[in-house]
Amino acid sequence: MLTSSEVASRLSRFPKFEDSYIGLPYAPRMPKHMVKETREAVAIARKFSEEVVKPLAIEIDRKTHEDPGYMPWDLVETANRWGFYTMWVPRMFGGKGFNMPSMSYFAEEIASACVGIMNVIGVHYLAVAGLLTSANPRLAKKVLREVVEGERSGKPCILALATTEPGAGTDVEEVDLVDKGKVTCQAKPVKGGYIVNGTKVFISMGHLSNWTVLSAYEDTRNPADTTIGLMVKTGTKGFSFGTHENKMGQRACPASVLIFEDCFIPEEDVLFSAALAKRFTNKPFRDVAQRYIDYVVSATRPGVCAFGVGVARGAFEAALKHASTTEVGGSLLINNEWVQCHLAEMYKNVVLGRLAYVEANHANSHRGLYQLLQIKPVYYYLKYMPQVYFDRVVSPTLDLEFTAKLMGRLYYDRPKIDDQRCCSGWASLAKFAGTDIGVRNCQMSIEIMGHKGLRQDAGVEKMLRDIKLLQIYEGTNQLNRLNAFKCLIAPQVPQAQVFEE
């Protein structure tokens, strides 16, 4: 029989109750209208999937094989007409202001038909996250108003985010690792701004973007303490595009090389830096930089999980259809026990993957980036105030220094380290869980479908090519496992060391 002190000691080694059941305390606090809004987002996604994605998915994949230089301009214009590039932009910046967690459900729906086409939409919001979490409302307003105008005029204005370099991929997503990578993209301070030299690689939608959220370093020998974020407009002198990758999967979404040669960026387009951070916090800048990274990936990794769940669902649906319509030895394939077990396992994977991204989004809503936006009075205020009010009253305040300081303090001084770990850890957990599930379901679908599953027109071999990329971007799954350990397990084990080798 354990004593009470022994029980307490053992319990102290495990995550706290509120860390393990994120949705439980959050559920009663969630504005009820979010449910209706999310259903609306899913309905829109289903309509778009039926009318646009399913007819185009295989066609675009074939087209990119026939013409490796193909760029999906028509697809971008179609997504722009449907309003997808402003759908999750806050109304204070002129967007439609859908709640951010609803995008995961939206992403699953479209990714079940083609994750590459979903990424043509979704990667824009990776950059939006980098823009909005910078505590630079003036610059966010400037760029996002162009996005809104691009929808109104029919000339899309979309964003890309550029971090990966030829010698530093996953390293740049952890401050504890970036000094070990070989970063070369330098932003050298000069009068009135910065001169940027370097190369970024594997930048999704780079060739089609109008603005790029660029991460660079004032001192490439000490990147952890000199990280700087810059907004670079396409067409800026010294900024050009190289080739784009002839990828195995997600071919609808180009991955570009970005080249900077003595590219001047004015001070007004500096998004995030040590100097700007001093306006709102006295914390060491490497801690501020890690929190900035964590904000971005905590918002976007649940979305990548939803991508993976969507592919897992698409593979399940293809296998179910095949098994329900194919006879083997005079009997429907679906009446075989092994097929039923496979389909049950695949269905389980979809459901558990969905729960993972839902819980990760609850973490952001309850303890992270979305918390302020989803306080009921704030949510309904942002939802129902007329747009003219935001344009005439709120918009001018976004240019004030006071607003930037306030946002900085709310984002970087107010949150606790436990909240940061909770959101980042759950985002990583969801990311590697959802994408690994997608790979497994594609493999099982091909096992059921046999040689037919390997035909391009069946769609499953494309899904398998597409899903493999999800295990790499937004941090490799190996990095995300380590980050989940760092955030959710290591705090309970003081002697554990992460990223020390």
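A few notes on this one:
- Candidates are the residues of the stretch 172-185 that are touching a strand residue (DSSP E or B) at 6+ places or on another chain (Cβ under 9 Å) and of a type in the set (D, E, K, R); the one that is surrounded by the fewest Cβ atoms within 10 Å (Cβ to Cβ) is K182.
Listed here are the residues, each with its yes/no results for (1) under 17 Å from G310 (Cβ atoms); (2) hydroxyl-bearing (S, T, Y).
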position	(1), (2)
M407	no, no
Y411	no, yes
C422	no, no
L429	no, no
E447	no, no
I467	yes, no
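- One residue alone among R481, R465 is under 20 Å from G116 (Cβ atoms), assigned by TED's automatic domain parsing to the domain that holds A363 and at pLDDT 90 or above, and that residue is R465.
- Among residues of the stretch 333-351 that are more than 19 Å from E108 (Cβ to Cβ), those with a beta-carbon under 7 Å from a residue that is outside any helix (DSSP H, G or I) and of a type in the set (S, T, N, Q) at least six positions away or on a different chain give the pairs L333/T326.
- Candidates Y473, Y381: the one that is hydroxyl-bearing (S, T, Y), out of contact with any strand residue (DSSP E or B) (no Cβ under 7 Å at 6 or more places or on another chain) and assigned to a loop (DSSP other than H, G, I, E, B) is Y473.
- Test set (1) among the charged types (D, E, K, R); (2) buried (at least 16 other Cβ atoms within 10 Å of the Cβ); (3) closer than 21 Å to G434 by Cα - K348 fails condition number: (2)
- Residues located in the stretch 353-387, provided they are closer than 29 Å to G314 by Cα and not hydroxyl-bearing (S, T, Y): G353, R354, L355, A356, V358, E359, A360, N361, H362, A363, N364
- Subset of the stretch 147-159 (residues that are in contact with a Lys or Arg (Cβ under 9 Å, 6 or more places away or on another chain) and part of a helix (DSSP H, G or I)): E149, E151
- Residue in the stretch 393-403 that is surrounded by fewer than 24 Cβ atoms within 10 Å (Cβ to Cβ), farther than 29 Å from L276 by Cβ and without any contact (Cβ under 8 Å) to a residue 24 or more places away in the chain present: no
- Strands (runs of 3 or more DSSP E) contained in the stretch 186-287 and holding at least 3 residues in contact (Cβ under 8 Å) with a residue 40 or more places away in the chain, in contact with a strand residue (DSSP E or B) (Cβ under 6 Å, 6 or more places away or on another chain) and within 29 Å of K468 (Cβ to Cβ): 193-204, 211-217, 255-266
The values are calculated or read from the model by the stated rules, or taken from the named source; none is laboratory data. All values reported here derive from a predicted model rather than from experimental measurement. Don't worry about glycine lacking a Cβ; one is built from the backbone with ideal geometry, like all the others, and counts go over all protein chains shown.
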